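**Student:** Just dropping this structure here.
The values are calculated or read from the model by the stated rules, or taken from the named source; none is laboratory data. Because the structure is a prediction, the values reported are computed rather than measured. Counting neighbours? That spans all protein chains shown, and the Cβs are built from the backbone with ideal geometry, glycine included. When the accessible area is computed, the model is the full protein with side chains, heavy atoms only, and any ligands, DNA or RNA have been set aside. Shrake-Rupley method; radii C 1.70, N 1.55, O 1.52, S 1.80 Å.
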Amino acid sequence: MGMQDFRGLGLGAGGGSGGGGNRWRMQELAKHEHFDWAIFRRALRAFVPYWPYTIIVTIVILASSFGGVLPAWLTQRIIDEGIQKKHMSLIVEYTLMLITISIGTGLLGVLQTWLSNLIAQNVMADYRIALFRHLQRQSIGFFASRQAGDLVSRVTNDVTAIQSVVTTTLVGFVSNLLNITATLFLMFSMNWRLAILAVIVVPGFVIPTQRVGKSRQKLQGQIQSYLSKMTVQLSESLGVSGALLIRIFNRQGAEEKEFAESNSTLRDLQVRQALIGRWLFMWLNMFSSIGPALLWMYGGWLVLHDEIGLGTIVAFTALLSRLYGPLSQLAQLHVSILSSVALFRRIFSIMDEEPEVKDGKETIPDNRVEGSIRLEKVSFSYQSGNEEEEEGQSPAIRWALRDIELTIKPGETVALVGPSGAGKTTLLNLIPRFSDPTNGHMYLDGMDTQSLTLHALREQMGLVPQDPFFFHDTVMSNLRLAKESATVEEIEAACQAAQIHDTIMSLPEGYNTVVGERGYRLSGGERQRLAIARVLLQGPAIVLLDEATSALDTVIERKIQDALAVLLEGRTALVIAHRLSTILKADKIVVMEKGRIAAIGTHSELVESDPLYKELYETQFHIEDELKQQQIHEKP
Ligand code: ADP
Ligand code: MG
């Protein structure tokens, strides 16, 4: 995890990717956040499709702002015109208006809540789908260098926070501004001297509100980072693989300690945050009683000198709260605007991540290929992405693959062998363009694979990874991933051919047994055969296979061989071979060493001529017991 943190820091706020448990980065983000028009404008763009709602909301807010100050004006009328001058009819008239207005503003409030939530939820839904779509287009390397928990948190938590951007920040900004305008307008039109007195007190709470807002924002940033740190820890330690790792190294205690530390820091931060709010509240309370006191004093003097009626003072005291409330909210609002900007910055930083592998345009005529593959001077380095800027003075690039020249004819089976770390998996992953070569070109039937659409390219190839993955779903659904329209007969036929049908039938619910992450656990050999069945169902022209390294007993070995025989029949195949039977059946064997092709030939040629192959054969393949070899040779 240390590496990840470092990487996140290196990218800084501009890149904005990296670990979610990155405390420093989040703090930096909150501290250095400034108002960024570009981000703000871009964020607003999401609201464009909902402009009719936006206009209605604005009108509603406008109406309720003016509706909000009218009672104060009516109160003044009731006291000065009705009560003082003893006009009962006026009193009744104004009181009825008072009631009507309060019903009206209440209804407007409901309408406003409904509309602003409608806008917020729509915008959120748009962002969620945009992010999800964008993440689907990212290459495998993107996910390899990130924590899933952090990405999950961006798509869920960050997007959810948009709700408050709309309902608190935007609506708050507009409605407070309009409330203040309406209030000031009424105050100045009733009595400008009292109005000035009311305004004089304003700095008394605007300034502390801003101060508190800033430290509150800082705390909020810290709290958010601890929350995401805990989410990452939870998702890592509660996943099966993470849980296994923690137990095998007896790390439960240490994990608990780490969790407890984040937990207690979080608790303290939350308490502090709550207290900051309370102190401010006390201060504001004090100030909001100073205002009316001054008002009564000066207003009383004005009444005694017959400058104003008593109703004006009463109306003013009512208006004061409509001035101070919105003002202090507005003073705090810049904080939520800044955190909204930070929020959108986080969302946009993911959206701006260009997919490493760019989609091509060409399709394959009739979706049919012969299945020839050619690699021309292909080199690949894993460091290609992030450190691009410093390429000038960077140390020599570590090549995972170097100048690979390889031609595979249609229907040929090519076995890749070589010591661990030689680049076999890397090479295999280049064929379906999980990554693109740093240099060089690849061709499928003479077509540059980068010019093809990824969909067309990948349709032609099936992959059996070393440790096949299955979704937490039924066997049937996992198989249908390969071909949605597959009939039950087709699926069963594929499983028969892959020697897995009987095993599936023996599962508690047959093809409807839930497998995968938390489902029924299949053994390594079973997973591999199920993956083979999946590729058989897909029926591609090209098969990419990363053989499992684990030794298998004779019966299983036999089953896998039979399954493989069906799989490779009539298809072009590139196989990372770990078993003697596979290399013996291959048309040619490619020996890899340190990212280069060391030799190409058949088994008998290579045993003679290539010392590395001879060594591999003796250490890796030859140890398979004589019995197995016997069986292989017996096979027709
Ligand atoms: P093999 O499959 O032959 O064992 P790999 O293709 O997995 O070898 O790895 C080739 C080299 O690339 C190794 O040096 C390995 O450390 C490096 N490598 C593999 N995956 C990554 C990755 N995601 N990021 C950086 N380096 C990697
Ligand atoms: Mg490998």
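**Student:** Of the numbered conditions (1) more than 30 Å from Val232 (Cβ to Cβ); (2) within 30 Å of the chain's Cα centre (by Cα); (3) in contact (Cβ under 8 Å) with a residue 40 or more places away in the chain, Trp114 fails exactly one; give the number of that condition.
**Tutor:** (3)
**Student:** Quick check on the range 525-536. Is at least one of its residues of a type in the set (Val, Ile, Thr) and outside any strand (DSSP E or B)? Let's see the steps before the verdict.
**Tutor:** Of the residues in the range 525-536, the ones of a type in the set (Val, Ile, Thr) are 532, 535.
Of the ones still in play, those that are also outside any strand (DSSP E or B) are 532, 535.
Yes, there is a match, as at least one residue in the range 525-536 is of a type in the set (Val, Ile, Thr) and outside any strand (DSSP E or B).
**Student:** Among the residues in the range 423-442, are any of a type in the set (Ser, Thr, Tyr), touching a strand residue (DSSP E or B) at 6+ places or on another chain (Cβ under 6 Å) and within 15 Å of ligand 1 (Cβ to nearest atom)?
**Tutor:** Yes.
**Student:** Just to check your reading of the model, which residue among Ser349, Ser372 is hydroxyl-bearing (Ser, Thr, Tyr) and either open to solvent by 50 Å² or more (accessible area, probe 1.4 Å) or more than 30 Å from Gly539 (Cα to Cα) (or both)?
**Tutor:** Details: Ser372 fails: either open to solvent by 50 Å² or more (accessible area, probe 1.4 Å) or more than 30 Å from Gly539 (Cα to Cα) (or both).
Selected residue: Ser349, the only one of Ser349, Ser372 that is hydroxyl-bearing (Ser, Thr, Tyr) and either open to solvent by 50 Å² or more (accessible area, probe 1.4 Å) or more than 30 Å from Gly539 (Cα to Cα) (or both).
**Student:** Follow-up. Answer yes or no as to whether Gln112 is at pLDDT below 90 and closer than 30 Å to Arg45 by Cα. Step through it out loud before you land on a result.
**Tutor:** Numbers: at pLDDT below 90: no; closer than 30 Å to Arg45 by Cα: yes.
The answer is no for Gln112.
**Student:** Regarding Thr602, is this residue open to solvent by 30 Å² or more (accessible area, probe 1.4 Å), more than 11 Å from Thr413 (Cα to Cα) and in contact with a strand residue (DSSP E or B) (Cβ under 9 Å, 6 or more places away or on another chain)? Full working, then the answer.
**Tutor:** On the way: open to solvent by 30 Å² or more (accessible area, probe 1.4 Å): yes; more than 11 Å from Thr413 (Cα to Cα): yes; in contact with a strand residue (DSSP E or B) (Cβ under 9 Å, 6 or more places away or on another chain): yes.
Spelling it out, Thr602 is indeed open to solvent by 30 Å² or more (accessible area, probe 1.4 Å), more than 11 Å from Thr413 (Cα to Cα) and in contact with a strand residue (DSSP E or B) (Cβ under 9 Å, 6 or more places away or on another chain).
**Student:** Now, a different point. With respect to His622, determine if the residue is modelled with pLDDT of 85 or more and either more than 16 Å from ligand 1 (Cβ to nearest atom) or of a type in the set (S, T, N, Q) (or both). Explain how you work it out, then say what you get.
**Tutor:** Details: modelled with pLDDT of 85 or more: no; either more than 16 Å from ligand 1 (Cβ to nearest atom) or of a type in the set (S, T, N, Q) (or both): yes.
In short, no.
**Student:** If you take the residues of the range 142-152 that are within 16 Å of ligand 1 (Cβ to nearest atom) and either in contact with a Lys or Arg (Cβ under 9 Å, 6 or more places away or on another chain) or open to solvent by 30 Å² or more (accessible area, probe 1.4 Å) (or both), which of them is modelled with the highest pLDDT?
**Tutor:** Going through the range 142-152, the residues within 16 Å of ligand 1 (Cβ to nearest atom) turn out to be 142-148.
Now drop any that are not either in contact with a Lys or Arg (Cβ under 9 Å, 6 or more places away or on another chain) or open to solvent by 30 Å² or more (accessible area, probe 1.4 Å) (or both), which leaves 143-146, 148.
Numbers: Phe143: 84, Ala144: 79, Ser145: 78, Arg146: 80, Ala148: 79.
It comes out as Phe143.
**Student:** A follow-up question, please. I'm checking my understanding of the structure. Among residues of the range 419-441 that are touching a Lys or Arg at 6+ places or on another chain (Cβ under 7 Å) and more than 9 Å from ligand 2 (Cβ to nearest atom), which one is most open to solvent (accessible area, probe 1.4 Å)?
**Tutor:** Per the criteria, the residue is Asn439.
**Student:** Within the group Ala486, Ala456, which residue is in a helix (DSSP H, G or I), open to solvent by less than 80 Å² (accessible area, probe 1.4 Å), more than 26 Å from Leu612 (Cα to Cα) and away from ligand 1 (no atom under 15 Å from the Cβ)? Write out each step before concluding.
**Tutor:** Details: Ala486 fails: in a helix (DSSP H, G or I).
Ala456 is the lone residue from the list that is in a helix (DSSP H, G or I), open to solvent by less than 80 Å² (accessible area, probe 1.4 Å), more than 26 Å from Leu612 (Cα to Cα) and away from ligand 1 (no atom under 15 Å from the Cβ).
**Student:** Out of everything in the range 542-584 that is among the polar types (S, T, N, Q) and away from ligand 2 (no atom under 16 Å from the Cβ), what residue ends up being nearest to Leu457 (Cα to Cα)?
**Tutor:** Keep residues of the range 542-584 that are among the polar types (S, T, N, Q), which gives 549-550, 554, 561, 572, 581-582.
Within this subset, residues satisfying the condition of being away from ligand 2 (no atom under 16 Å from the Cβ) are 554, 561, 572, 581.
Details: Thr554: 37, Gln561: 27, Thr572: 14, Ser581: 29 Å.
Looking at residues that are among the polar types (S, T, N, Q) and away from ligand 2 (no atom under 16 Å from the Cβ), I get Thr572.
**Student:** Within the bounds of the range 238-261, is there any residue that is in a helix (DSSP H, G or I), under 30 Å from Leu333 (Cβ atoms) and open to solvent by 70 Å² or more (accessible area, probe 1.4 Å)? Write out each step before concluding.
**Tutor:** Quick first cut of the range 238-261, residues in a helix (DSSP H, G or I) only: 238, 240-248, 252-261.
Still in the running and under 30 Å from Leu333 (Cβ atoms): none.
Checked the range 238-261: no residue is in a helix (DSSP H, G or I), under 30 Å from Leu333 (Cβ atoms) and open to solvent by 70 Å² or more (accessible area, probe 1.4 Å).
**Student:** Sort out which residues of the range 295-308 are small (Gly, Ala, Ser) and closer than 29 Å to Leu177 by Cα, and write them in order of number. Can you show your working first?
**Tutor:** Here is the first cut: in the range 295-308, the residues small (Gly, Ala, Ser) are 299-300.
Across the range 295-308, the qualifying residue is only Gly299.
**Student:** From the list Arg128, Arg137, which one is under 10 Å from the mean Cα position of the chain (by Cα) and open to solvent by 20 Å² or more (accessible area, probe 1.4 Å)? Walk me through it before giving the result.
**Tutor:** Details: Arg137 fails: under 10 Å from the mean Cα position of the chain (by Cα).
One residue alone meets the criteria, Arg128.
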